[in-house]
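Taking it in order: structure first as structure tokens, then the write-up.
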Amino acid sequence: MLLEMKDVNLIYDVGHDEETYALKNINLNIKENCFYGILGPSGSGKSSLLYTLSGLRKVSSGEVRYKGKSYKDIKNREMSLIRNKEFGFIFQRHFLMDYLTALENVLVPLNSNKKEDIDKAKDLLVRLGLEKEINKRPAKMSGGQRQRVAVARALINDPKVIFADEITASLDHKNAFAVMKVLEEFKGKAAILVVTHDESILSGAEEIIKVWDGTIEDTEERVVNTL
């Protein structure tokens with residue numbers, strides 16, 4: 001199993017009179033090369049689920065494993081290398097570097113100026129409809145364009161896991177489906193986890209994980225898309 005969560009709780013305000021469970025008693029297995037949709041309303045805990053799976057947020061109790069190894073046993077330097085080499089992150093906010101062009105932002109994870117890497121970055125940007133923005137800086141782009149640059153940046157390393165948090169929220173339907181089409185090209189190459197409240201973008205998902213009040217449905221009850 002690629003990623004595993006065992007009896008995971010994520011609690012805010014620990015030790016206070018009123019503790020808030022962002023996640024409660026989560027058990028979850030994520031397989032290699034499978035496309036998952038994580039669906040739920042705002043505040044349901046779906047983003048917290050994504051952040052704990054990726055190790056960006058430490059659990060209050062329980063255990064998260066990547067390739068069989070507990071995050072508790074992975075040192076910070078090793079975890080940083082995993083995030084850079086094997087994980088791809090796309091957040092609601094793009095977190096682009098303002099002083100770099102779209103192309104330079106996409107190349108950041110590679111830290112490379114090799115021709116093949118530059119060509120690969122350009123190809124991703126073109127496929128995302130950004131051929132005219134390749135040499136523009138973020139200030140000269142729309143919010144939706146910046147978000148698509150962030151998508152290209154997440155995919156440039158051919159990650160083993162793609163974590164995507166509400167990535168189409170700032171996009172119109174045309175561009176949202178264009179982004180999802182590019183992501184779906186990674187089916188069979190990476191585990192893809194897309195957090196959203198918009199079920200319409202998840203037509204390509206092989207499994208839907210529904211989150212509600214910090215809990216998820218049992219495996220047997222999940223909706224599996226066989227299309």
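Can you tell me which residue in segment 59-103 is most open to solvent (accessible area, probe 1.4 Å), limited to those that are within 20 Å of N9 (Cβ to Cβ) and without any contact (Cβ under 8 Å) to a residue 12 or more places away in the chain?
Top of the filtered list is K72.
Looking at (1) at pLDDT below 95; (2) surrounded by fewer than 18 Cβ atoms within 10 Å (Cβ to Cβ); (3) under 19 Å from the mean Cα position of the chain (by Cα); (4) part of a strand (DSSP E or B), which is the only condition L56 fails?
(4)
Somewhere in segment 34-48, is a residue farther than 19 Å from F186 by Cα, in a loop (DSSP other than H, G, I, E, B) and without any contact (Cβ under 8 Å) to a residue 40 or more places away in the chain?
Kept after step one, since they are farther than 19 Å from F186 by Cα, are these residues of segment 34-48: 39-48.
Narrowing the set further to residues that are in a loop (DSSP other than H, G, I, E, B) leaves 40-45.
Pick out the ones that are also without any contact (Cβ under 8 Å) to a residue 40 or more places away in the chain and you get 43.
Looking through segment 34-48, at least one residue is farther than 19 Å from F186 by Cα, in a loop (DSSP other than H, G, I, E, B) and without any contact (Cβ under 8 Å) to a residue 40 or more places away in the chain.
Let's see how each residue does on (1) outside any loop (DSSP other than H, G, I, E, B); (2) among the small types (G, A, S); (3) under 24 Å from K24 (Cα atoms):
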{"position": "L50", "(1), (2), (3)": "yes, no, yes"}
{"position": "G62", "(1), (2), (3)": "yes, yes, yes"}
{"position": "I82", "(1), (2), (3)": "yes, no, no"}
{"position": "V106", "(1), (2), (3)": "yes, no, no"}
{"position": "P109", "(1), (2), (3)": "no, no, no"}
{"position": "S112", "(1), (2), (3)": "no, yes, no"}
{"position": "D119", "(1), (2), (3)": "yes, no, no"}
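Does segment 36-48 include one or more residues that are among the polar types (S, T, N, Q), closer than 21 Å to Q147 by Cα and in contact with a His (Cβ under 7 Å, 6 or more places away or on another chain)?
Within segment 36-48, the subset among the polar types (S, T, N, Q) is 42, 44, 47-48.
Filter once more, keeping what is closer than 21 Å to Q147 by Cα: 42, 47-48.
From the residues that got through so far, the ones that are in contact with a His (Cβ under 7 Å, 6 or more places away or on another chain) too are 42.
For segment 36-48, residues among the polar types (S, T, N, Q), closer than 21 Å to Q147 by Cα and in contact with a His (Cβ under 7 Å, 6 or more places away or on another chain): present.
Every residue, every condition in (1) farther than 22 Å from N84 by Cα; (2) at pLDDT below 95; (3) open to solvent by 40 Å² or more (accessible area, probe 1.4 Å), yes or no:
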| position | (1), (2), (3) |
| --- | --- |
| P109 | no, yes, no |
| S112 | no, yes, no |
| E116 | no, no, yes |
| D123 | no, no, yes |
| R127 | yes, yes, yes |
| E133 | yes, no, no |
| S142 | yes, yes, yes |
| R148 | no, yes, no |
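All but one of (1) open to solvent by 20 Å² or more (accessible area, probe 1.4 Å); (2) at pLDDT below 90 hold for I167; state the number of the condition that does not hold.
Of everything listed in (1) open to solvent by 20 Å² or more (accessible area, probe 1.4 Å); (2) at pLDDT below 90, I167 misses just condition (1).
The values are calculated or read from the model by the stated rules, or taken from the named source; none is laboratory data. Note that the coordinates shown come from a computational prediction; the quantities given were computed from them, not determined experimentally. Here the Cβ is made from the backbone with ideal geometry for all residues, glycine too, and neighbour counts use every protein chain on show. For the accessible areas, the whole protein counts, side chains as well, though only heavy atoms, and no ligand, DNA or RNA atoms are used. Shrake-Rupley method; radii C 1.70, N 1.55, O 1.52, S 1.80 Å.
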